[in-house]
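The values are calculated or read from the model by the stated rules, or taken from the named source; none is laboratory data. Owing to the predicted nature of the structure, the values given are computational and were not obtained by experimental measurement. No Cβ is skipped: glycine too gets one built from the backbone with ideal geometry, and neighbour counts run over all protein chains shown. In case anyone asks, the SASA skips ligands and DNA or RNA and just uses the protein heavy atoms, side chains included. Shrake-Rupley method; radii C 1.70, N 1.55, O 1.52, S 1.80 Å.
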Amino acid sequence: MEAARGGAWFIALEGPDGAGKSSVAELLVTRLLAAGHAATLTREPGGTRLGEQVRGILLDTANVARAPETDALLFNAARSQLVREVIRPALARGELVVCDRFADSTLAYQGYGSGVDLGMLRDVESWATGGLRPDLVILLDVPVAVGLARRGRGDPGSLTRFEDEARHDAAFHDRVRRGYLELAAADPGRWRVMNADGPRDEVANDVAEAALAFLVASEPNNDLTRIHP
């Protein structure tokens, strides 16, 4: 753990399908830039040329079914490239990084959702990321029925296999949501749980206020510690 330094903070947005993470992440970065922060927006899986190729394999509904362990390894392969190519360089430049999903998604989906051992997943994550963890995780929490209904009203072509395949049913998504809430409860100093069952702009404003409050509280003179190894 290294002492806090201004500027370089890593924020991840997490949540179940239909929580609105992607649009909220974009609005959050807009607010951070307006507040004078140098900010980089990226996403998982993706964010790099290799990561976007892996994203296609992972999310395409036309791909063959895979074991959840295989999914976990593919997610971590894309994550490893993202950390080395995008996130760590941005942090080294003193920028604030906002990532639409990060490693806790794998714990929630492949761990809690599909039953892969959490300890094993954490070991693979630590190896893939070099121990990098977000300083702040904002969980956009929404009831499963609401999230899936939102996705169902959208473009059918945008549905991923985690929303389209029969094995990823409402019970699966309920396990994912409960997993997220359990992760947040276990680490309240690093997580903020936000109610995402509301208008997008209101949710985005609440998220931005939470992020800005975290940054104000985390100024170097507050003698906090960092999670970046």
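The alpha carbon gyration tensor of the range 89-146 gives principal lengths a ≥ b ≥ c with a/c of 1.5 or higher and a/b no greater than b/c, which makes the shape oblate. Taking amide H positions as modeled 1.01 Å from N, with prolines and chain starts lacking one, the residues under 5 Å from V116 and 5 or more places away or on another chain are G111.
Of the trypsin sites (Lys or Arg not before Pro) found in the range 51-104, those in coil by DSSP whose Cβ has at most 14 other Cβ atoms within 10 Å are R66, R93. Taking amide H as placed 1.01 Å from N in the peptide plane, the amide H of L96 sits under 5 Å from that of W9, A38, A39, T40, each at least 5 places away or on another chain. FRET efficiency for the pair D117 and L50, taken as 1/(1 + (r/R0)^6) with r the Cβ-Cβ distance and R0 = 22 Å, rounds to 0.25. What a 1.4 Å probe finds exposed on the range 1-143 is 55% carbon and sulfur by accessible area, rounded to a whole percent.
Pull out a ≥ b ≥ c, the square roots of the eigenvalues of the alpha-carbon gyration tensor of the range 38-110, then state rounded if a/c is under 1.5, prolate if not and a/b is larger than b/c, and oblate in the remaining case. Prolate shape, in that a/c is at least 1.5 and a/b is the bigger ratio. Residues of the range 84-115 falling in the label zone of E69, defined by backbone nitrogen less than 19 Å from a point 7 Å along Cα to beta-carbon, are 106-115.
Dipole of the range 35-111 computed with +1 at Lys/Arg Cβ and -1 at Asp/Glu Cβ about the Cα centre; of Y109, G46, A35, farthest Cα towards the positive end is A35. With a simple spin-label model that places each label point 7 Å from the Cα along the Cα-to-Cβ direction, the separation between A185 and N205 comes to 3.1 nm.
Heavy atoms of the protein chains alone define the surface here; on that basis the range 63-146 has 37 Å² accessible area per residue at 1.4 Å probe size.
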